[in-house]
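The next block holds one structure in the form of structure tokens; read it before the comments.
The values are calculated or read from the model by the stated rules, or taken from the named source; none is laboratory data. These numbers come from a predicted model, not from an experiment. Here the Cβ positions follow ideal geometry from the backbone for every residue, glycine too, while neighbour counts run over all protein chains shown.
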Amino acid sequence: MTEVPPAYTAGASPPSYDDIAKKLEDLIGDNPTPEKVIEASQHLSDEELDVLVDGADDHWPLETEQQKRDFSIGCGQAYCSEGGKIRLQEAGNEATQATKEIEDIFHQLHLKVAQIDQIHHSGFQPEIIRLQQSYLRTLADSRDLAASISSSAQNFDATIVRFCADNSIPVDIRRSFIESFIARVAGFEESATGIKNRFFTLKDEFAAFVATFSTWAKDREGEITGQIQALQQELDSLHKRLNSLTISLQAFEILYEVGDLIQDVGKFFPKIGGIILAGVSFLAIVGLTGALIATETKIHNRTREKHALEAKLELIRRTRAELEDLGEESLIRFGDAITILAGTWKHTAEDARIIQQWLADGADATHPPAYVELNRDYGVNRYEATAVYLENYARGVSR
């Protein structure tokens, strides 16, 4: 790639669409590839990207039928290229990682909800267990189906399409071949749709659980926050009282110069002994020391109560945040994998039926189905490439 031209900076005159196009051409070079285009795009500033977006309608690249045809071929070839397969493999690994993260999050949430139930008797644990089990069953079934669809998708590209496209084979034999394939894998479409529906049910039920828990949590957080504030006010008052009592007792410290040396032995024992020996009433010091001891005890107890409430509050807040994050991020990533799983077989089945109908209509060699032409003439093996994703997803989850 050539040297990167300077990017547009704020304050300078905005570049024209043509200027940015020239910059991209220089960056990409004479032999463009998807990798080079992606790398070049990363050298554009946000302002330059905005110029391209704003000018897209006026510079739409696909105008003729030939351009649209070439675009379709190019997409298919890029998708099943080595670079495309690497990205599909990475995507499969990312989906696998998402499923593992969800499993770990469910486990941690289960433990936290169990703690919350034990403290507050809130009754959320049975539902989080049910949702966790529903997720694990859906995950296991999607793994098994991904492995099966992966194998059949590869077979569709490598054998079925090529066999049906071979004009040297009688049409009735090719037709019987595709019909046998469709019958053999008929259950995949239903299974894929079933898993997809189960995921959406899980997602909806989880969202309802999160909403219920969040409402309860926010109310409880408000109550606990109020209790903490009340305790803090009481602690402030107790500390003021402690300070006042301490000042009052300092009058006795002045008369007993080594008082500081025996603080660890006993704060009040020597003072009481001194009062007794002096032969005066010890009611004053008893009152002061008794009040000071009681105040220190209250401060200790209220501080423990405050820390316990803060821990409860943090547990509820953290659990609520993790539940919301699981619903908003991780489950969506799992949903992407389920959508690809279901979509792969949906498109495979559609192409198989189109080929079946083409053969039933006489298999006109001059007008083959679009995917037959892409596969036969341009080396596009879309389903074999997608199988890379499915294999990594299935294999990764089972480790």
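Filter segment 13-39 down to the residues that are aliphatic (A, V, I, L, M) and over 17 Å from D54 (Cβ atoms), then identify the one that is modelled with the highest pLDDT.
Across segment 13-39, the extreme among qualifying residues is L27.
Pairs linking a residue in segment 166-177 that is at pLDDT below 95 to a residue that is exposed (fewer than 12 other Cβ atoms within 10 Å of the Cβ), with Cβ atoms under 9 Å and 6 or more positions apart or on different chains, are N167/A365.
Identify all residues within segment 202-222 that are within 19 Å of the chain's Cα centre (by Cα) and either outside any helix (DSSP H, G or I) or touching a residue at least 24 places away in the same chain (Cβ under 8 Å) (or both); write none if there are none.
Those that are within 19 Å of the chain's Cα centre (by Cα) and either outside any helix (DSSP H, G or I) or touching a residue at least 24 places away in the same chain (Cβ under 8 Å) (or both): L202, K203, E205, F206, A207, F209, V210, S214.
Any idea which residue in segment 66-93 is nearest to I20 (Cα to Cα), counting only those that are acidic (D, E) and modelled with pLDDT of 85 or more? Filtering first and then ranking leaves E82.
Okay, residues lined up against (1) charged (D, E, K, R); (2) assigned to a loop (DSSP other than H, G, I, E, B):
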position: R302; (1), (2): yes, no
position: R320; (1), (2): yes, no
position: S330; (1), (2): no, no
position: F334; (1), (2): no, no
position: A337; (1), (2): no, no
position: T344; (1), (2): no, no
position: H347; (1), (2): no, no
position: V380; (1), (2): no, yes
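Identify all residues within segment 134-164 that are over 19 Å from E190 (Cβ atoms) and either hydroxyl-bearing (S, T, Y) or more than 43 Å from the chain's Cα centre (by Cα) (or both); write none if there are none. Listed by number, the residues that qualify are S134, Y135, T159. Residues satisfying the criterion are absent from segment 155-163 (criterion: out of contact with any Leu (no Cβ under 7 Å at 6 or more places or on another chain), surrounded by fewer than 17 Cβ atoms within 10 Å (Cβ to Cβ) and acidic (D, E)).
Go through (1) within 27 Å of G379 (Cα to Cα); (2) surrounded by 14 or more Cβ atoms within 10 Å (Cβ to Cβ); (3) over 20 Å from the mean Cα position of the chain (by Cα) one by one and return the number of the condition Q89 breaks. If we test Q89 against (1) within 27 Å of G379 (Cα to Cα); (2) surrounded by 14 or more Cβ atoms within 10 Å (Cβ to Cβ); (3) over 20 Å from the mean Cα position of the chain (by Cα), just (3) comes out false. For I149, state whether it is part of a helix (DSSP H, G or I), over 20 Å from K196 (Cβ atoms), in contact with a Phe, Trp or Tyr (Cβ under 9 Å, 6 or more places away or on another chain) and not basic (K, R). So I149 does not fit the description; no.
Name every residue in segment 329-375 that is closer than 26 Å to S150 by Cβ, of a type in the set (G, A, S) and at pLDDT 90 or above, in order of residue number. Scanning segment 329-375 gives A349, A352, A370.
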